[in-house]
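Working notes, structure below.
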Amino acid sequence: MNIFSQYRDEIIAAVNGLVAQSALPAGLDLSRVAVDPPRDPSHGDLSSNAAMVLAKPAGMRPRDLAALIAARLESANGVAAAEIAGPGFINLRLDAAVWRRCLGDILAKGAAYGDSRVGNGKQINVEFVSANPTGPLHVGHARGAVFGDVLAALLDKSGYRVVREYYINDAGEQVDVLARSAYLRYREALGHAIGEIPNGLYPGDYLRPVGKALAAKFGDRWLDAPQSEWLPVLRAFTIDAMMDLIRADLAAFGIHHDVFISERSLVEDGRVDAALEMLAARDLIYRGTLAPPKGKRPDDWEPREQTLFRATAFGDEVDRPLQKSDGSWTYFASDIAYHLDKYQRGSVKLIDVWGADHGGYIQRLKAATEAVTEGKAALDVKICQIVRLMDKGEPIKMSKRAGNFVTLRELIDEVGLGVVRFIMLTRSNDAPLDFDFTKVAEQSRDNPVFYVQYAHARCHSVARMAADAFPEITNGDAADLDLLRDPAEVSLIKLLAQYPRVIEAAAKSHEPHRIAYYLYDLAAAFHGLWTKGREHAGLRFIVDDNRPLTASRLALVRGVRIVIASGLNLMGVVPVEELR
């Protein structure tokens, strides 16, 4: 049960009742009516902006409209009081029984608590990671990988049909460089001295196994052959090897993709040509000359006629080139075909998760997506800012076995999978993130991973102790929830009741970090109640001479455990039952 959606429905019903009585005009747009927790809990349990957003189209003052709506809400099920605050907010106070029913709903639904149908089965495509197939995943990929994976999980839980996708950039110059780098390792595997890896090639040790595999498969066949003969063969072989390595890294990180799409296949299958022909037929492609880029003097710029997309017709700053001087298509041309392909496979909502260095590319691809789908698909690009590795607040460098970066595997081996995934969600994706090895090893509330996992483990510990004291009680089953009357207990239940709203809000806003924030707040509230029990025997979870109250409090503890486990599972973090 989503208590906020439930009472939003009550408010909508109240407004519709006023319309039926001709107290309000028909046709009001109710889409902006929201119900949220008030910023100050002393103002009530729920707060709505209904009167604020409806007053102008209704031709009324907000407080006057709020009074009409509040009068109807007084008789709504579970409403103890409806009050008007400030310029016209409607604050609701609910009967305590409403919150106990919320806890009962959590206990009944278990892992399904927080599931939503807001997505209504609509297909949504989430493309994330999409690292160039030139080496193993590194720390720079970790944040986008977690962000995309958890966003997809949130959308799943919110009722969308999610396609998790990886785009293989295997048609550019970088894969030719990769093939030439693999060729050196191939020569090395055959016993030839290769010296220092030349600048511009990939130096990582991860290509040595590829060189050995090439030697085992081809022997010395390519040693004296011209590059034009061996390059396409080694390129295909090495791309496959790199994608196997990347898939293994993703699996170790707990991530799977439903679809892998090759850029080269789009080009070779004629889908880039077809997409551009569609745009040309609508006069959105032309031959022209661009003005010098900003910061370039005319004498620093050599103008030339190019094939251009009319990106300015869709809000971009300048029109964009589609073809290189050698006649091949630009990355942008391939990306246009790729996003058309996503749409043609059934997704009208497209989410791309990119690294921090791609911000300048957003507007042109949004313009292209709008153009090539004729406005039927919407692209939302999420930029993940950099991750800085720190120790005791100072930047650090780990081993550079891979060449010039810290691999994802090294990071996981150092601190653990769950720690890496959780920490990557402790900041909004558009803010830089410091990953401090000292902090993530601390057992304190300053380490959010430990603090949340400790709350989950403590729930299990309480259940084990209760089983010793009251063997007949099983995790609070069949408990009398009406016994949960202390304000601290009710406050904790209210926080649990926010979980479905947090899920929907995080999914709609594409902000998975909200789950990490919520879990931390829930853990803090639970630890706080446990501490009160240490100070006041009457608030302990296990009351030696009171079996019914113990059963009720164990039900509350079980509710906390269910929600924390659900949130951690969404984040791809395994909840622990004991901390060692």
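The values are calculated or read from the model by the stated rules, or taken from the named source; none is laboratory data. Values in this document were obtained by computation on a predicted structure and should not be read as measured data. Counting neighbours? That spans all protein chains shown, and the Cβs are built from the backbone with ideal geometry, glycine included.
Which residue pairs have Cβ atoms under 8 Å apart, sit 6 or more places apart or on different chains, and have a first residue in region 473-491 that is over 15 Å from L549 (Cβ atoms) and a second that is modelled with pLDDT of 75 or more and loosely packed, with under 14 Cβ neighbours inside 10 Å?
S491/P41
Is it the case that region 357-378 has a residue that's under 20 Å from G135 (Cβ atoms) and in contact (Cβ under 8 Å) with a residue 24 or more places away in the chain?
Checking region 357-378: at least one residue is under 20 Å from G135 (Cβ atoms) and in contact (Cβ under 8 Å) with a residue 24 or more places away in the chain.
Under 9 Å by Cβ, and 6 or more places apart or on different chains, what pairs join a residue from region 438-458 that is more than 17 Å from G528 (Cβ to Cβ) with one that is of a type in the set (S, T, N, Q) and not in a helix (DSSP H, G or I)?
Cβ pairs passing all conditions: K439/N447; V440/N447; A441/N447; V449/T426.
Does D486 qualify as being more than 26 Å from the chain's Cα centre (by Cα), more than 15 Å from H527 (Cα to Cα) and either hydrophobic (A, V, I, L, M, F, W, C) or surrounded by fewer than 19 Cβ atoms within 10 Å (Cβ to Cβ) (or both)?
yes
Please give the helices (runs of 4 or more DSSP H) falling wholly within region 23-122 in which 3 or more residues are touching a residue at least 60 places away in the same chain (Cβ under 8 Å) and outside the structural domain of A488 (by TED's automatic domain parsing). It would help to see each step written out before you state the result.
Working: elements: 50-58, 62-73, 96-109.
Helices (runs of 4 or more DSSP H) meeting the threshold: 96-109.
For D380, which of the numbered conditions (1) at pLDDT 95 or above; (2) out of contact with any Lys or Arg (no Cβ under 9 Å at 6 or more places or on another chain) fails to hold?
It is condition (2) that D380 fails.
Is it true that L151 is touching a His at 6+ places or on another chain (Cβ under 9 Å) and at pLDDT 95 or above?
In short, yes.
Which condition number does A479 fail, the rest of (1) touching a Ser or Thr at 6+ places or on another chain (Cβ under 8 Å); (2) small (G, A, S); (3) in a helix (DSSP H, G or I) being met?
For A479, the exception is condition (3).
Being under 15 Å from G135 (Cα atoms), of a type outside the set (F, W, Y) and surrounded by fewer than 20 Cβ atoms within 10 Å (Cβ to Cβ): is that true of D240 here?
So D240 passes the test.
Here is a check on your reading of the model: is A537 among the small types (G, A, S), in contact (Cβ under 8 Å) with a residue 12 or more places away in the chain and surrounded by fewer than 21 Cβ atoms within 10 Å (Cβ to Cβ)?
no
Residue-wise test of (1) modelled with pLDDT of 95 or more; (2) within 24 Å of L496 (Cβ to Cβ).
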site: F4; (1), (2): yes, yes
site: E10; (1), (2): yes, yes
site: N16; (1), (2): yes, no
site: A26; (1), (2): yes, no
site: L30; (1), (2): yes, no
site: A34; (1), (2): yes, yes
site: P41; (1), (2): no, yes
site: L46; (1), (2): yes, yes
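What about T474, is it among the β-branched types (V, I, T) and modelled with pLDDT of 90 or more?
no
Sort out which residues of region 70-102 are surrounded by fewer than 18 Cβ atoms within 10 Å (Cβ to Cβ) and either in contact with a Ser or Thr (Cβ under 9 Å, 6 or more places away or on another chain) or among the acidic types (D, E) (or both), and write them in order of number.
E74, E83, A85, D95
Take the residues in region 190-209 that are buried (at least 19 other Cβ atoms within 10 Å of the Cβ) and in contact with a helix residue (DSSP H, G or I) (Cβ under 6 Å, 6 or more places away or on another chain), then tell me which one is modelled with the lowest pLDDT.
Restricting to residues being buried (at least 19 other Cβ atoms within 10 Å of the Cβ) and in contact with a helix residue (DSSP H, G or I) (Cβ under 6 Å, 6 or more places away or on another chain), the top hit is Y202.
Evaluate region 268-289: report whether one residue or more is modelled with pLDDT of 95 or more, farther than 29 Å from V126 by Cβ, crowded, with 20+ Cβ neighbours inside 10 Å and acidic (D, E).
No - not one qualifying residue is present in region 268-289.
Would you point out the residue of region 300-352, among those that are of a type in the set (G, A, S) and buried (at least 20 other Cβ atoms within 10 Å of the Cβ), that is farthest from F260 (Cα to Cα)?
Among those that are of a type in the set (G, A, S) and buried (at least 20 other Cβ atoms within 10 Å of the Cβ), it is A311.
Consider A252 carefully, then state whether it is over 29 Å from P136 (Cα atoms), modelled with pLDDT of 95 or more, among the hydrophobic types (A, V, I, L, M, F, W, C) and in contact with a helix residue (DSSP H, G or I) (Cβ under 9 Å, 6 or more places away or on another chain).
For A252, the condition - over 29 Å from P136 (Cα atoms), modelled with pLDDT of 95 or more, among the hydrophobic types (A, V, I, L, M, F, W, C) and in contact with a helix residue (DSSP H, G or I) (Cβ under 9 Å, 6 or more places away or on another chain) - is not met.
Residue check: is G195 of a type outside the set (A, V, I, L, M) and in contact (Cβ under 8 Å) with a residue 12 or more places away in the chain?
Answer is no for this residue.
Taking region 136-183 only, how many residues are free of Cβ contacts under 8 Å to residues at least 12 places away in the same chain and assigned to a loop (DSSP other than H, G, I, E, B)?
The total comes to 0.
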